[in-house]
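First up is the structure itself, then whatever we jot down about it.
Every number here is computed from the coordinates shown, using simple stated rules; none is lab data. Worth saying up front: this structure is predicted, and the values here are computed from it rather than measured. Here Cβ is always computed from backbone atoms with ideal geometry, including for glycine, and neighbour counts include all displayed protein chains.
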């Protein structure tokens, strides 16, 4: 197992469950890290590897659902919930908030391991997306402020002449900016640049007609 | 007169004596004047005895007033005591016979037995007055002189006696006259007295009359009512001082004016016509004893009066007297009272309440319009049929009973019943009745209210139901939480056991097998399994050690409280609840909440056991009694689906219900155990089940 191999985090306040899950997940050839509380998990320095979180619903202090809320939006691993007595409202909330699976204790090992696999796959894709977005962001950061101004007009399909009129400059200057943008963003076509802008969340200019 | 040869001197002397005696005899009437016969005879006899030498002088007088004659006799002193006049009389009578005229002149002395020469002489012309007899033993008796003197004396006595008799008769007449005069005088005096009395009486009567008239005058003068008299022309003859106050006229200025000046214009013609008709026909067109009319004050103001009349005929003329009372104030008061009554009546009729009144015997006497409107009935309907017809059939009998009780006891009446509205819908009402009493405490009337409590009642019922639901929810939540806690406690090690087992299998199945890891997993399985057992043991201990707040309790009260909570549920599910609670049930020592939960669970269990029942009556009965003096028994019977497995039903998590946790009866048994009691179940002979529990009675605390 190298540092890139996937890792499964287990958060459960019951040491017996932690031990059993650790053994079970290990038996499937996965790295396991176990924590007795949400706080312990948050403090932990996570390795840069595909990961998933097996999270107990009932935790002392910060509950499982609260931890999930805290992690949403970041690069947190996908979550598989386990619960002593799953109630429907809790499971619905958990699933709405993006949980991979909601398992009631005691659960079948295959169900758990399958859920873990799904979660790890999801995390791999997410990690890929995150890395691409980071690359794009790095390119975007190379743009001058004026180029960043021009970019929405370009991706919106405005002609240079019109863009120049809107921004109060010449058609030729806009053409120069456009060339710089294409180069710095490493976009091979306008279509690719449009996709990049979408991923970066840059909205297209509305402009006056 | 016998003449014997005598001495002439002697003879002369004798004659002289005779003359003297005759003079004396002749003088006798002068002495007798005014005397009565006995005195005349008395003097006569004395005189004769003195003049004549005789042995006896006797006088008999006829007494005109009686049969017995007056007899007197004189004898010389020597013989006097020996003779009584009536003896002489008798002797002479026998001897001589009654008629003096035929007497012999010579008889034997009846006294001394010697011969007496007797000279009888009649008194009066026919001897009608009586007789005088002189007798002497002398042989020469009577001499001539003596006979002369006797004759003269007899004549004189006759005259004297005649006079005396006459005088006596005159005296009688005079006294009769006097008597008559006196009698007449007395009669006159009596008549006078009578007259005087009569006069006094009359005077007194007149005095009384005067005083009475004075009084009447005073009454009339000081009366607060106007007193006005008029003649048969309708002209005022008299008006008392009160007239000035009431009409504003001085009495003197009214006299001589027509009565109609005291009437408003519109009445004058009417009055004149009516008065004329009365004079002609005697027919009264208004009540003379108090008639309310309008009168006119001098200042032109009209005001109401009450008038009474009297009629008097004097000297052929009719005089009418009216007594007139100003009733403005009374009228105002009456108007106010009427207005106040009208207001009150308006209030009673318009306030949004249903009001009734009843007689002391309970018979309805009044219903306000709203009550009639509400029920769509009339007073007559109520009078005929009373309450009963408008009450819900289920409420009629108890309500009538309660009302009868109130009427009998006078206690305030209170109750609830459903009253039919005019559209046929029954609504719940609260009835309140209060007896009004007189000063002696007797009921004079019942006043009552009907308050529509329909919505409130249903709200209350809904509230009770929601309370019951809430309670049940809390109950379930409690059970749920508890079950969750247990589940968690059990699930954790269980999950670990399962996971370890699976891991163990995986380690063994791996190529190559990791025996060490498999062994570790297996060891954890054993460890966690044991721990699970410990958890279960701890939970049971938890139940038993739960600190109970034991107080003295009446299980009947607990049952009643729970039944109230379940009221909505049983009503909704159309379950007939029957209770048979021993009123002398001993108290128990227990935790109220836990025992409530116990009864609640058992009853709810019964209710839910009847959920599938559709083809028969759902009957839930609860009963309390002593199974022994020291033990209280409570039984809950249902007519539900019965028990398939009476042995297992108290096991935790054993349930036959889709939504059941299987904890209800387990909790029940824990509670009963914690109260040193016993809980068991049995199937009934009919459909359904019986759950029974016993608790020890608290000694000496029977209620």
Item to check | Largest to smallest principal axis extent of the C-alpha atoms in chain B, angstrom | outcome: 250, 89, 43
Item to check | chain B: relative contact order in percent, alpha carbon pairs under 8 Å with at least 6 residues between | outcome: 6
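Give the shape of the protein assembly as shown as rounded, prolate or oblate, defined through the alpha-carbon gyration tensor: a ≥ b ≥ c are the square roots of its eigenvalues, a/c under 1.5 means rounded, and otherwise the shape is prolate if a/b is larger than b/c and oblate if not. Before the final figure, lay out each step's value.
On the way: a/c = 7.71, a/b = 3.24, b/c = 2.38.
Taking the square roots of the gyration eigenvalues as a ≥ b ≥ c, the protein assembly as shown is prolate.
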Checklist outcome for this item: Ranked output for segments B:326-337, B:232-243 by mean other Cβ atoms within 10 Å, highest leading, reads B:232-243, B:326-337
Checklist entry - Helix B:144-222 sits at what angle to the longest principal axis of chain B, using alpha carbons and giving 0 to 90 degrees rounded to 10? => result 30
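Considering only DSSP beta bridges where both residues belong to chain A, give the percentage that are antiparallel (nearest 5). Present the calculation step by step, with values, prior to reporting the outcome.
Details: 0 of 18 bridges.
Once the DSSP bridges in chain A are tallied, antiparallel ones form about 0 percent.
Restricting to DSSP H runs of at least four residues, report the calculated mean residue ellipticity at 222 nm for the protein assembly as shown, -39500 (n - 2.57) per run over all residues, nearest 500 deg cm²/dmol. Could the numbers behind the result be given before it?
Values: 25 runs with 458 residues, N = 912.
When only DSSP H runs of four or more count, the value is -17000 deg cm²/dmol.
Starting from the Cα gyration tensor of region B:513-632, take the square roots of the eigenvalues, sort them a ≥ b ≥ c, and report rounded, prolate or oblate (rounded when a/c is under 1.5, otherwise prolate if a/b is larger than b/c, else oblate). Provide the component values of the computation, followed by the final result.
Working: a/c = 3.96, a/b = 1.92, b/c = 2.06.
Verdict is oblate for region B:513-632.
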Next on the checklist: Quick check on region A:7-128: what does the Kirkwood estimate of hydrodynamic radius come out to from the alpha carbon pairs, in Å?
Outcome noted: 14.1
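What is the average number of partner chain Cβ atoms found within 10 Å of a Cβ in A:76-84? Mind dumping the intermediate values first?
Numbers: counts 0, 0, 0, 0, 0, 0, 2, 3, 10.
That works out to 2 on average.
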Next on the checklist: Test of understanding: ordering A:182, B:118, B:72 by Cβ neighbours within 10 Å, fewest first, what list do you get?
Outcome noted: A:182, B:72, B:118
Checklist entry - When you take every Cα atom in region B:360-460, what is the radius of gyration, and what is Dmax, the widest Cα pair distance, in Å? => result 13.8, 44
Next on the checklist: What distance in nm separates the two pseudo spin-label positions at residue B:338 and residue B:294, each 7 Å out from Cα along the beta-carbon direction?
Outcome noted: 1.5
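Please compute the average number of Cβ atoms from other chains found within 10 Å of each residue's Cβ in peptide A:101-107.
Working: counts 0, 0, 1, 3, 11, 11, 4.
For peptide A:101-107, the averaged partner shielding equals 4.
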Checklist entry - Taking Cα atoms, how many degrees apart are the long axis of helix B:328-350 and the longest axis of chain B, rounded to 10 and kept between 0 and 90? => result 30
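Would you mind telling me the antiparallel percentage of the DSSP bridges in the protein assembly as shown, rounded to 5? Display every interim value, and only then the final one.
Values: 98 of 122 bridges.
Counting DSSP beta bridges with both partners in the protein assembly as shown, the antiparallel share is about 80 percent.
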Next on the checklist: To make sure I understand, if each residue's beta carbon is the centre and we count other beta carbons within 10 Å, what order do B:668, A:52, B:75 fall in, fewest to most?
Outcome noted: B:75, B:668, A:52
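Just counting partner chain Cβ atoms within 10 Å, what average do the residues of peptide A:10-16 show around their Cβ?
Taking all residues of A:10-16 together, the mean is 4.
What ranking, highest mean first, results for peptides B:489-496, B:568-575 when packing means the other Cβ atoms within 10 Å averaged over each residue? Could you put the intermediate results ahead of the total?
On the way: B:489-496: 23.2, B:568-575: 15.5.
Averaged packing, sorted descending, gives the order B:489-496, B:568-575.
If each residue's Cβ is checked for other Cβ atoms within 10 Å, how do B:506, B:165, B:592 rank with the fewest at the top?
Numbers: B:506 23, B:165 19, B:592 14.
Listed from fewest to most nearby Cβ atoms, that is B:592, B:165, B:506.
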Checklist entry - Can you tell me the Rg and Dmax of chain A, counting just the alpha carbons, in angstroms? => result 23.5, 72
Checklist entry - Listed highest first by mean packing, meaning other Cβ atoms within 10 Å per residue, what order do B:424-434, B:688-698, B:221-231 come in? => result B:688-698, B:221-231, B:424-434
